[in-house]
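What follows is a single structure, written as structure tokens, with notes after it.
The values are calculated or read from the model by the stated rules, or taken from the named source; none is laboratory data. For clarity, every value in this text was computed on a predicted model and none was experimentally measured. All Cβ positions, even for glycine, are placed from backbone atoms using ideal geometry, and neighbour counts span all protein chains on display.
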Amino acid sequence: MESKSSKVSGKWKNELGSIMELKENGTGQISGTYTTAAEFKARNSPGETADLVGYINTAEAKKTTIAFCMAWKEGSCSAFSGQFFDGKGTGVIKTTWLLHSPVDCLQDNWEATRVGENTFNRIS
């Protein structure tokens, strides 16, 4: 019998072309990789890949919330939070994200964080 939380395991793609691979360990922890297409697509270069860690919460029947994060080579960190929706058996993960980039001083911190949304569709 499939664990109710294993529904997020697999390969996912968002509207920008970024790919994430998720694996759920049965206790709510998830791990995987995230290859970003953001900012790389315009430069026609391959995206950067980072390790992904996070959690899913299936405490309420048929509702799965998710949170995960990555640390990028240039010093930025991304955090995603959202929910899995069962889209006709294929699934959709709708997220809001924060990207915090390093700045030189506290006074520049106001410009360090970007916020956005992504929709991930299962591709395998």
Are any of the residues in segment 25-33 aliphatic (A, V, I, L, M), farther than 19 Å from Lys13 by Cβ and at pLDDT 85 or above?
no
Selection count, segment 94-111, where residues are in contact with a strand residue (DSSP E or B) (Cβ under 6 Å, 6 or more places away or on another chain) and not in a strand (DSSP E or B):
0
Name every residue in segment 47-61 that is free of Cβ contacts under 8 Å to residues at least 24 places away in the same chain and not aliphatic (A, V, I, L, M), in order of residue number.
Thr49, Asp51, Glu60
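Which of the following residues is crowded, with 17+ Cβ neighbours inside 10 Å, at pLDDT 95 or above and β-branched (Val, Ile, Thr): Thr64, Thr95, Thr113, Thr119?
Thr95
Residues of segment 77-93 being part of a loop (DSSP other than H, G, I, E, B), free of Cβ contacts under 8 Å to residues at least 60 places away in the same chain and farther than 17 Å from Ile19 by Cα, which ones?
Within segment 77-93, Gly87, Lys88, Gly89 qualify.
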Among (1) in contact with a strand residue (DSSP E or B) (Cβ under 7 Å, 6 or more places away or on another chain); (2) modelled with pLDDT under 95 - the single one Ala71 does not satisfy:
(2)
Are there any pairs with C-beta distances below 8 angstrom linking a residue in segment 112-124 that is more than 14 Å from Leu98 (Cα to Cα) to a residue that is aromatic (Phe, Trp, Tyr), with the two at least 6 apart or on different chains, and if so which?
Phe120/Trp12; Asn121/Trp12; Arg122/Trp12; Ile123/Trp12
State whether the residues of segment 103-116 include one that is within 16 Å of Glu21 (Cα to Cα) and of a type outside the set (Gly, Ala, Ser).
no
